[in-house]
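*Asks:* Can you read through this structure? Questions will come right after.
All of the numbers you see were taken from the coordinates with simple rules; none came from a lab. All values reported here derive from a predicted model rather than from experimental measurement. Reconstructed Cβ throughout: ideal geometry from the backbone, glycine too, with neighbour counts over all protein chains shown.
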Amino acid sequence: MIELYDIYKIYKMGENEVYALNGVSLKISAHEFVAIVGPSGSGKSTLMNIIGCLDTPTSGTYILDGHEVSRLNDNQLAEIRNSKIGFVFQNFNLIPQLTALENVELPLIYKGVPASVRHKLAKEALARVGLEHRRMHHRPRELSGGQQQRVAIARALVTSPPIILADEPTGNLDSKSGAEIMQIFKDLHAQGNTIVLITHDNNIAMQARRIVRIQDGQIIEDKEVS
């Protein structure tokens, strides 16, 4: 599903070069649940951006679901991104003026899906994350942090992408809500979704099935979780 070969990401800082990624190679198969772990500045966010087709490497090869995406332009990356990856972010990234249902429908609107089909698919996605029907018509400010993250996960699921990429999905939640969100990811994995979770929290990482640890732009550990 995800194949990275000798990936470098180098930023120019005046006359200096900063190696955000320094020869990273990584394979993630379909239906895995992988946590990519590292402290601030380790390169995990850069790696996430490349895996998510939000950025391209300076050098190296990235093959996503059989497509070589390392050198695609912005429009091509957007097309791949929209068809292959559902994103879940720490800050939820919901539109305040829209209801939960309308937020989940957004990706379908961009795809030109008819309204009646959009409503059905969005309701099904919200049901998958356990959001009660009465909450579907509430706006983000009327929802708790955990409920907002459930809406964000439903939005990521609604187009049935093969990969869910979650960036610090519990970072803005209390421990109870965080545990509930992690249970949703475990359930989605059990249902066949490929989950790639970015975190700095070892306790969160241990709930995945595989941990990839990154430091100073290099993978220093790659292990299965027993």
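*Asks:* Please rank ILE198, ILE211, ILE204, fewest neighbouring Cβ atoms within 10 Å first, as an exposure proxy.
*Replies:* ILE211, ILE204, ILE198
*Asks:* In debye, nearest 20: dipole of segment 1-159 around its Cα centre with unit charges on the Cβ of K, R (+) and D, E (-)?
*Replies:* It works out to roughly 720 debye.
*Asks:* Estimate the FRET efficiency between GLU79 and GLN218 by the formula 1/(1 + (r/R0)^6), using the beta-carbon distance for r and 30 Å for R0, to the nearest 0.05.
*Replies:* 0.45
*Asks:* How do VAL69, VAL104 line up, fewest other C-beta atoms within 10 Å first?
*Replies:* Going from sparsest to densest Cβ surroundings: VAL69, VAL104.
*Asks:* For segment 11-116, I need the span (max minus min coordinate) of the C-alpha atoms along each principal axis, in Å, sorted largest to smallest.
*Replies:* 52, 31, 31
*Asks:* Figure the gain on full extension for ASN172 and ILE95 (residue separation times 0.36 nm, minus the Cα-Cα span) and round it to one decimal in nm.
*Replies:* Working it through step by step, the gained length comes to 26.0 nm.
*Asks:* Run the numbers on the chain and let me know its relative contact order in percent, using alpha-carbon pairs under 8 Å that are six or more apart.
*Replies:* 29 percent
*Asks:* While we're here: For ARG141 and ASN22 in one chain, what is 0.36 nm times their gap in residues minus the Cα-Cα distance, to one decimal in nm?
*Replies:* Value of the extension gain: 38.7 nm.
*Asks:* For the pair THR58 and TYR110, what calculated FRET efficiency results from E = 1/(1 + (r/R0)^6), where r is the Cβ-Cβ distance and R0 = 25 Å, to the nearest 0.05?
*Replies:* 0.25
*Asks:* Next question, about the same structure. Determine, for each peptide in 40-53, 169-182, the mean count of other beta carbons within 10 angstrom over its residues, then list the peptides with the highest first.
*Replies:* 40-53, 169-182
*Asks:* Can you put TYR8, TYR62, TYR110 in order of Cβ neighbours within 10 angstrom, beginning with the fewest?
*Replies:* Least to most surrounded, the residues fall as TYR110, TYR8, TYR62.
*Asks:* Let me ask you something else. Relative contact order for segment 3-135 using alpha-carbon pairs under 8 Å, separation at least 6, rounded to a whole percent?
*Replies:* Taking the mean separation of contacting Cα pairs over the length of segment 3-135, I get 18 percent.
*Asks:* To continue, here is another question. Check the straight Cα-Cα distances from LYS186 and name the lysines below 27 Å, setting aside those fewer than 8 residues away within the same chain.
*Replies:* Straight-distance partners of LYS186: LYS27, LYS44, LYS84, LYS120, LYS123, LYS176, LYS223.
*Asks:* A further question on this structure: With the cut-off at 1.5 for a/c, could you classify segment 159-226 from its C-alpha gyration tensor as rounded, prolate or oblate?
*Replies:* Oblate shape, in that a/c is at least 1.5 and b/c is the bigger or equal ratio.
*Asks:* While we're looking at this one, here's another question. On average over all directions, what projected area in square nanometres does the chain have, based on the convex hull of its Cα atoms?
*Replies:* So the mean shadow area of the Cα hull is 12.8 nm².
*Asks:* So, one more: Among SER29, TYR11, ILE109, flag the residue with its Cα farthest along the positive direction of the charge dipole of the chain, charges on Cβ as +1 for Lys/Arg and -1 for Asp/Glu.
*Replies:* Positive-end residue among those listed: ILE109.
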